[in-house]
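Working notes for the structure below.
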Amino acid sequence: MDKKKLGNSDMELTPIGFGSWAIGGGDWQFSWGPQDDNDSVAAIRKALELGINWIDTAAVYGLGHSEEVVARALRTYSHKPYIFTKCGLVWDEKRQVTNSLKQIRREAEDSLRRLNVEAIDLYQMHWPKPAEEIEEAWGVMAGLQKEGKARWIGVSNFSVEQMERLSKIAPITSNQPPYSMLNRAVEGEILPFCETHNIGVINYAPMHSGLLTGAMSKQRVANFTSDDFRRNAKNYQEPLLSRNLAVADFIGQIGQKHGVSAGVVAIAWTLHHSAITAAIVGGRNAKQVEGVIPAATFRLSQQEYSEIQTYLAQHVA
């Protein structure tokens, strides 16, 4: 599969990478509900077996658990993929998550230990919160890069103004924003800025947290566990839920012509944007990974892309 260079780094990424949010498991503030670790390990290994060369996780996913599962899955691999993780969300003994950019050095050491690596390939500031702390935090991350504990440093969920502030301190390798057919806020300023300034973009939630997979239904939404963050997400509630499932049905019809799922079409739509380096795609078991792996090579024709754009203009505010 074709690879694309991530910003100013030396890393050539496959078009999709393995996203590790859901494999953090349940019982924390932003979980996707219960998750079997054996399924998670099988999903990661299937992704690598099928050619994916990078994994994105974060310390906060499962309050450290996602990083530990990633390490477990990679224990027997001699040729490890690129491993990306994030900092800036911390938790206490009561498992309450808060934003803090004052503990990044400790966070980095903890992530290195949990991941069982000597260097993090891409270390990302998860959120620009508190906003007044981002410069000091970026200085710490630049220090970690000079020490070899982080090979490259990037940001996530940052605005143009915030990226401009950090660029005066040290180069930004990448930004990780949400981007999907249902969330296009970054198209106006953020994606053009990144493209102009050679900042790579790895977008998360290209299938909008499962809504555009083609496998979502109102019944499935109704059966979400109490600790699944999507229960309270506006796009999973009416009247948006019906509209969003209709979008999934529409792109599913395009995918059907090619023998791929709606989710694959949704991912391909994000990759169509020239500023996107690669997309983060989650998988909770090996079967799910097999279902989305065609997104690594499937591309929309210009006519199909235009059809989708027309539909979205008419149906999505």
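Computed quantities for the displayed model
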read-out: Count of the stretch 1-14 residues which are open to solvent by 10 Å² or more (accessible area, probe 1.4 Å) and touching a helix residue (DSSP H, G or I) at 6+ places or on another chain (Cβ under 7 Å); value: 1
read-out: One residue from THR57, THR76 being open to solvent by 10 Å² or more (accessible area, probe 1.4 Å) and closer than 28 Å to LYS3 by Cβ; value: THR76
read-out: Inter-residue pairs, beta-carbon under 6 Å, first over 15 Å from ILE199 (Cβ atoms) and in the stretch 144-156, second open to solvent by less than 10 Å² (accessible area, probe 1.4 Å) and in a strand (DSSP E or B), 6+ apart; value: LEU144/ALA150; GLN145/ILE153; ALA150/ILE120; ALA150/TYR123
read-out: Residue, nearest to GLN288 (Cα to Cα), within the stretch 15-41, restricted to residues that are open to solvent by 40 Å² or more (accessible area, probe 1.4 Å) and either aliphatic (A, V, I, L, M) or assigned to a helix (DSSP H, G or I) (or both); value: ASP39
read-out: Residues of the stretch 188-214 classified as closer than 24 Å to GLN309 by Cβ, out of contact with any Ser or Thr (no Cβ under 6 Å at 6 or more places or on another chain) and open to solvent by 50 Å² or more (accessible area, probe 1.4 Å), total; value: 5
read-out: Residues located in the stretch 84-95, provided they are more than 15 Å from GLY24 (Cα to Cα) and open to solvent by 10 Å² or more (accessible area, probe 1.4 Å); value: ASP92, GLU93, LYS94
read-out: Unique residue being part of a strand (DSSP E or B) and either open to solvent by 40 Å² or more (accessible area, probe 1.4 Å) or not acidic (Asp, Glu) (or both) when the list is ALA279, ALA246; value: ALA279
read-out: Answer residue from the stretch 223-261, given it is in contact (Cβ under 8 Å) with a residue 12 or more places away in the chain and among the acidic types (Asp, Glu) and is farthest from VAL316 (Cα to Cα) among those; value: ASP227
read-out: Any hit, the stretch 264-275, residues being closer than 18 Å to ASN183 by Cβ, in a helix (DSSP H, G or I), of a type in the set (A, V, I, L, M) and open to solvent by 20 Å² or more (accessible area, probe 1.4 Å); value: yes
read-out: Failed item, numbered, when MET216 is tested on (1) modelled with pLDDT of 95 or more; (2) of a type in the set (A, V, I, L, M); (3) within 20 Å of the chain's Cα centre (by Cα); value: (1)
read-out: Considering residues of the stretch 103-122 that are open to solvent by less than 40 Å² (accessible area, probe 1.4 Å) and assigned to a helix (DSSP H, G or I) only, the residue farthest from HIS79 (Cα to Cα); value: ILE104
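The values are calculated or read from the model by the stated rules, or taken from the named source; none is laboratory data. As the structure is a prediction and not an experimental result, all values here were calculated from the model. We place every Cβ from the backbone using ideal geometry, glycine too, and count neighbours over all the protein chains shown. To get the accessible areas, we keep the full protein, side chains included, count just its heavy atoms, and leave off ligands, DNA and RNA. Shrake-Rupley method; radii C 1.70, N 1.55, O 1.52, S 1.80 Å.
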